[in-house]
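The values are calculated or read from the model by the stated rules, or taken from the named source; none is laboratory data. Source: prediction; values computed, not measured. Here Cβ is always computed from backbone atoms with ideal geometry, including for glycine, and neighbour counts include all displayed protein chains. With ligands, DNA and RNA removed, areas are computed over all heavy atoms of the protein, side chains included. Shrake-Rupley method; radii C 1.70, N 1.55, O 1.52, S 1.80 Å.
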Amino acid sequence: MLIFGIPIQLFSTQIMLGLINGAFYALLSLGLAIIFGLLNIVNFAHGAFYMLGAFAALLLLEHLGINYWVALAVVPLGIGLLGCVIERFILRWIYDLDHLYGMILTFGMGLVIVGIFRNLYGATGLAYSMPAGLQGGYNLGFMYLPASRAFVIVASVLVCLATWIAIEKTRMGSWLRAATEKPQLTEAFGINVPLLVTLTYGFGVALAAFAGVLAAPIFSVNPTMGSDLIIVVFAVVVIGGMGSISGAILTGFMLGLVEGLTKVFWPQASSTVIFVIMAIVLLVRPAGLFGKQA
Amino acid sequence: MPEPSATLMLKVCGLEAWYGESHVLHGVDFDVHEGEVVTLLGRNGAGKSTTLKTIMGMLKRSRGSVKFRGRELCGTSSRHIARAGIAFCPEDRGIYSSLTVEENLLLPPVVAPGGMSVPEIHQLFPNLAERRRSQGTRLSGGEQQMLAIGRILRTGARLLLLDEPTEGLAPVIVQQIGATIRKLKERGYTIILVEQNFHFAATVADRHYVMDHGVVVDMMPNAEIGAHTEKLNGYLGV
């Protein structure tokens with residue numbers, strides 16, 4: 001069977017791969033968007049935290065025998081906590097300074113973290129053995145769907161959805177939105193904005209670490225895995241519009257799909273297509289697809 | 001006029017404040033008794049709004065003394081000042097566009113028992129009940145002002161700082177706000193009101209403090225206001 005002259009097998013496989021990339025784009029750009037909204041900092045260390053998540057899962061498995069399923073919960077908690085500490089003791093000093101300082105500081109932090117891991121583990125990838133429960137797959141008739149891949153997509157959708165609900169529909173989320181919009185007035189109502197900022201940075205970082213754990217069994221674990229991915233994620237964030245929660249999620253999945261489809265129809269362009277879209281969006285709608293026009 | 005026995009609620013002494021390098025308050029002194037409605041009058045730039053913000057701890061640099069029920073608040077964070085029982089309604093109303101009307105109303109945390117319930121606030125401002133699901137900034141100017149006042153009534157704070165609640169509103173809405181302030185006074189709230197509209201201020205207040213160039217230059221009880229019209233016009237430049 002053919003779709004647009006392409007075998008359905010190839011077509012659906014690329015759509016699945018696109019959705020998997022989209023799952024990571026969405027998780028990472030969601031974290032970036034939340035952090036940017038409240039802290040006004042573009043977190044250039046985000047890729048490093050994603051890498052840390054993958055390494056933490058690997059090290060926990062090798063040294064302590066802690067399995068993938070436990071790591072999915074424990075690693076984001078631990079790395080999120082690390083994020084809280086970093087916000088409280090490092091980032092807090094630069095809020096009154098120009099944006100550029102936040103960029104340089106987080107970029108530098110990312111380089112240091114990646115550098116340490118490169119020193120310890122070299123630049124070649126390490127393998128994370130496929131966890132029990134994710135081996136095998138489903139024959140859908142028109143394609144074979146490996147369980148590990150299906151799980152990544154489902155887990156990402158669920159976590160993104162839960163985050164969206166927490167921010168848009170709960171009381172705690174209304175505090176976060178309020179603090180993002182008018183931090184000084186929100187503080188004057190008696191809400192602990194500095195604590196909210198710490199938790200938000202920790203949560204954004206935890207999302208990156210969660211993505212890192214998800215990535216461990218399906219990609220190779222190596223120190224530069226985050227740096228490679230994060231460049232595309234920044235393009236996704238620019239396309240979606242800085243600071244929009246639903247925009248970050250939808251754009252992430254959408255661009256993963258676009259990338260996958262480009263692989264089918266014009267493979268040579270697949271690694272550039274996102275940047276071309278970014279350039280067009282910047283020209284036509286500088287605030288991003290879902291961003292509020294200034 | 002405050003009763004001689006009335007308890008002092010807020011005592012501001014030698015309050016100074018800066019916006020960056022510019023020194024805007026030069027030693028503000030005034031006091032407010034429990035249950036009183038007091039206004040700060042003065043021309044544009046006299047320091048009235050800044051005084052409210054400084055009491056609320058919202059300026060980076062300030063010094064002097066703000067004693068609330070005997071407790072020194074100057075130098076503490078605005079979060080702690082809110083938690084102590086002072087609530088602020090800013091001049092721009094401070095309605096959040098990313099929150100619905102209901103979320104705006106429920107945003108400020110309860111800091112003390114005895115605040116109004118949501119149904120009571122809806123009874124006071126029926127429009128807010130009808131439009132609870134709208135985006136906060138979709139409300140009309142008058143409705144936004146009601147929301148800005150309504151949301152601080154829930155918290156249990158007994159001292160309300162209202163910064164020009166009638167600014168830019170139609171006369172019929174101004175009357176409604178005036179009626180609300182009188183109702184709040186009946187309920188025992190203490191209110192500091194910053195006003196440009198002196199005629200409005202005279203209908204709700206017990207006493208008026210006149211500010212100029214960052215200091216309080218005069219105080220007059222509302223009852224004696226008729227005798228001082230000329231002096232007051234001089235102060236306010238009308």
Checklist entry - How many angstrom lie between the C-alpha centres of segment A:6-41 and segment A:185-203? => result 28
Checklist entry - Any idea how far apart A:Val284 and A:Val74 come out in nm if each label point goes 7 Å out from Cα toward Cβ? => result 4.8
Item to check | Computed FRET value (nearest 0.05) for B:Glu224 with B:Ser97, which takes r as the C-beta separation and R₀ as 30 Å | outcome: 0.10
Checklist entry - Listed highest first by mean packing, meaning other Cβ atoms within 10 Å per residue, what order do B:22-31, B:170-179 come in? => result B:22-31, B:170-179
Checklist entry - Which residues of segment B:49-70 bury at least 30 Å² of accessible area once all protein chains are present, versus their chain alone (1.4 Å probe)? => result B:Met58
Checklist outcome for this item: A:Ser270 neighbourhood, Cβ < 14 Å, K/R = +1, D/E = -1, net charge 0
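Mean residue ellipticity at 222 nm from the helices of chain A, using -39,500 (n - 2.57) per DSSP H segment of n ≥ 4 over the full residue count, to the nearest 500 deg cm²/dmol? Spell out each step's value before the answer.
Details: 11 runs with 203 residues, N = 294.
Taking each H run of at least 4 residues, the total per residue is -23500 deg cm²/dmol.
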Next on the checklist: Once R0 is set to 41 Å, what does the formula 1/(1 + (r/R0)^6) return for the Cβ-Cβ distance between B:Trp18 and A:Arg171, expressed as a FRET efficiency to the nearest 0.05?
Outcome noted: 0.70
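For chain A, what relative contact order do you get, as a whole percent, if you take Cα pairs closer than 8 Å and at least 6 residues apart? Please list the in-between numbers first.
Values: 443 pairs, mean separation 110.6, N = 294.
Computed over chain A, the figure is 38 percent.
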Item to check | Per-residue mean of C-beta atoms belonging to partner chains within 10 Å, peptide A:187-200 | outcome: 5
Item to check | C-alpha center-to-center spacing [segment A:260-291, segment B:174-229] in angstrom | outcome: 60
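Could you check what % of the DSSP bridge pairs in chain B are antiparallel, to the nearest 5?
On the way: 25 of 43 bridges.
Taking every DSSP beta bridge with both residues in chain B, the antiparallel ones total about 60 percent.
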Next on the checklist: Residues of segment B:91-123 that become at least 40 Å² less accessible with every protein chain present than in their own chain isolated, using 1.4 Å: which are they?
Outcome noted: B:Tyr96, B:Ser98, B:Glu103, B:Leu107, B:Pro109
Next on the checklist: Can you give me the % of accessible surface on the protein assembly as shown that is carbon or sulfur? Probe 1.4 Å, all protein chains present, nothing else counted.
Outcome noted: 63
Checklist outcome for this item: Note on segment A:155-178: residues buried by at least 10 Å² of accessible area once partner chains are added (vs chain on its own, 1.4 Å probe) come out as A:Arg171, A:Ser174, A:Trp175, A:Arg177, A:Ala178
Checklist entry - Of B:Gly114, B:Gln144, B:Gly156, which is farthest along the charge dipole of segment B:93-156 in the positive direction, counting Lys and Arg as +1 and Asp and Glu as -1 at C-beta? => result B:Gln144
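For the protein assembly as shown, what is the accessible area per residue in Å², given a 1.4 Å probe and the full set of protein chains?
Working: 23220 Å² over 532 residues.
Per-residue value: 44 Å².
Interface size between chain A and chain B, please: total buried accessible area, 1.4 Å probe, rounded to the nearest 100 Å².
1900
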Checklist entry - When DSSP assigns beta bridges and you keep just the ones with both residues in the protein assembly as shown, what percent turn out antiparallel, to the nearest 5? => result 65
Checklist entry - In the Gaussian network model of chain A, springs joining C-alpha atoms below 10 Å, which of A:Ala235, A:Ala123, A:Ala206 carries the largest mean-square fluctuation? => result A:Ala123
Checklist entry - So what's the back-of-envelope 222 nm ellipticity for chain B, counting only DSSP H runs of four-plus at -39500 (n - 2.57) apiece and dividing by all residues, rounded to 500? => result -9000 deg cm²/dmol
Checklist outcome for this item: Relative to chain A, whose Cα atoms define the longest principal axis, helix A:8-39 and its Cα axis are tilted in degrees, nearest 10, by 10
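Taking R0 as 22 Å, what FRET efficiency do you get between A:Thr124 and A:Ser271 from their Cβ-Cβ distance, rounded to the nearest 0.05?
Details: r = 22 Å, r/R0 = 0.99.
It comes to 0.50.
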